[in-house]
Amino acid sequence: MRTQLKAVLFDLDGVIVDTAKYHYLAWKKLADREGIYFDEKINERLKGVSRMASLEIILERSTRVYSEEEKHKMTEIKNNWYREMIGQLKPDEILPGVIDFLNSLKKHGIKCAICSASKSAAYIIEKLGITDYFDTIVGGQDITKSKPDPEVFLVAAERLNVFPAECVVLEDAYAGLEAAKRAGMKAVGLGDPDILTNADVVYKDMTEVSLEKVLRLFE
């Protein structure tokens, strides 16, 4: 019997909304404070990575050695700056194509989940006014391993009471797509096909995604 689509799992940053710019600005502010060089190219390595792992990447260029306590304080400071910035988020910052796709999924009874390394995922979805579209939100506080580990997607599937093979993941990062494949799920990449080489299919952005196209992955 052919496997059917039961759930669509969404990454948050770069898929639903572009909060990555706020992460960058907050990390940049922290790096500048510590006198550490940090730019947008280094920031690319932080995509889909946990808060502490992101800090470790930034600290690679530091001549100082930081204690674990100092590192935790730094991530808290960065997160407070980030939350101040995203506190201004409004529904008009939802990326084009997202609402149309969510409406289509809801109409056809497909379950939806947010799967993000961000501990602010539920807060962001609430600020955007789209909480009701999602059956569950799995954030950084719900997992112990970051993508490319599949934990975040497997937790979502368990909460939704669906098999991994019945899920499609929408991701804009290579590590996220890798996590989806390791979870045994279909993986749709959003962005550059030359970078997202591990996806089952790649689209430019959410405006190119439709339920009809996603269902083709199960043919």
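Some notes on this structure:
- Rg in Å to one decimal, and Dmax rounded to a whole Å, for the stretch 1-94 via C-alpha atoms: 16.3, 59
- Gyration tensor verdict on the stretch 131-176 (Cα atoms; rounded if a/c is under 1.5, prolate if a/b is larger than b/c, oblate otherwise): rounded
- Taken per residue, the accessible surface of the stretch 1-137 reaches 53 Å², heavy atoms only and a 1.4 Å probe.
- Mean separation of Cα contacts under 8 Å, 6 or more apart, over the residue count of the chain: relative contact order %: 25
- The local environment of Pro91, defined by Cβ-Cβ distances under 15 Å, has a net charge of -4 under the rule Lys, Arg +1 and Asp, Glu -1.
- For the chain, a Kirkwood hydrodynamic radius built from all Cα pairs, placed in the Stokes-Einstein relation at 4 °C and 1.567 mPa s, yields a translational diffusion coefficient of 73 µm²/s.
- Folded to 0 to 90 degrees: helix 68-86 orientation relative to the chain principal axis, Cα: 60
- Helix axis angle, 98-107 relative to the chain longest principal axis, alpha carbon, degrees: 40
- Relative contact order of the stretch 70-166, defined on C-alpha pairs under 8 angstrom at six or more residues apart (%): 24
The values are calculated or read from the model by the stated rules, or taken from the named source; none is laboratory data. None of the values given here were measured: they were computed from a predicted structure. Counting neighbours? That spans all protein chains shown, and the Cβs are built from the backbone with ideal geometry, glycine included. Only protein heavy atoms, including side chains, enter the accessible area calculation; ligands, DNA and RNA are left aside. Shrake-Rupley method; radii C 1.70, N 1.55, O 1.52, S 1.80 Å.
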